[in-house]
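Chemist: One structure, as C-alpha cells, below. Some questions next.
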Amino acid sequence: MEARAYLKNARIAPRKVQIVLDLIRGKDTETAMAILKHTPKSACEYLEKLLKSAVANAENNFNMDKDNLYVSECYVCPGPIMKRIMPRAQGRAFRILKRTSHVTIVVKEKE
C-alpha cells in the first residue's frame, strides 16, 4: 500500500529539485521533514508542502499510521519550458529558458 502526492508545473528547474530529493529518498517522513526544514535550498519550500500532502493522503485515504511512513520513491520530471527573450548588444536577442518541474513523492508504511 502506498500514497502519492504530485506537484505539477512548479516554477523551478528539475536539476535544482533533484539535489534535494536525493537527500530525502528512503528516509522516514519525520527525518525527511527535518532535512527539508534545515536545508537552505529553494526547492525545500515546495517539497515540504508536497511531503505533508503525501502523508495526509496516506493517513486519510488509506488509513496508514503516520509514524510508520517513509519516502519510498521521489522523482522529478521536466515540465513545459517557458521561452523568454533577453535583449543583448547590437539589437540581438538571447533566449532564456524558464524551466518547470513535475515532482512526485510516494510514501509507504514500514512492515
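Please treat every number below as a calculation from the coordinates, not as lab data. Computed from a predicted structure; not experimentally measured. Glycine also receives a Cβ, built like all others from the backbone with ideal geometry; neighbour counts cover every protein chain displayed.
Chemist: Just the residues that are touching an Asp or Glu at 6+ places or on another chain (Cβ under 9 Å), under 16 Å from SER72 (Cβ atoms) and among the charged types (D, E, K, R), please, taken from the stretch 26-58.
Modeler: ASP28, GLU30
Chemist: In the stretch 43-99, which residue that is aromatic (Phe, Trp, Tyr) and not in a strand (DSSP E or B) is farthest from the chain's Cα centre (by Cα)?
Modeler: PHE62
Here's the yes/no breakdown for (1) farther than 17 Å from GLU109 by Cβ; (2) surrounded by 15 or more Cβ atoms within 10 Å (Cβ to Cβ):
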| site | (1), (2) |
| --- | --- |
| ALA3 | no, yes |
| LEU21 | yes, yes |
| MET33 | no, yes |
| LYS37 | yes, no |
| ALA54 | no, yes |
| MET64 | no, yes |
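Chemist: Applying the selection to the stretch 27-42, what residues are in contact with a Phe, Trp or Tyr (Cβ under 7 Å, 6 or more places away or on another chain) and either free of Cβ contacts under 8 Å to residues at least 24 places away in the same chain or outside any strand (DSSP E or B) (or both)?
Modeler: Passing the criteria: LYS27, THR29.
Chemist: Among the candidates THR100, THR104, which residue alone is crowded, with 16+ Cβ neighbours inside 10 Å, out of contact with any Phe, Trp or Tyr (no Cβ under 7 Å at 6 or more places or on another chain), within 16 Å of LEU7 (Cβ to Cβ) and touching a residue at least 60 places away in the same chain (Cβ under 8 Å)?
Modeler: THR100
Chemist: Taking LYS16, is it without any contact (Cβ under 8 Å) to a residue 12 or more places away in the chain and within 14 Å of the chain's Cα centre (by Cα)?
Modeler: no
Chemist: Follow-up question, since we're still on this one. May I ask you to list the residues in the stretch 101-111 that are in a loop (DSSP other than H, G, I, E, B) and touching a helix residue (DSSP H, G or I) at 6+ places or on another chain (Cβ under 8 Å)?
Modeler: Scanning the stretch 101-111 gives a single hit, LYS110.
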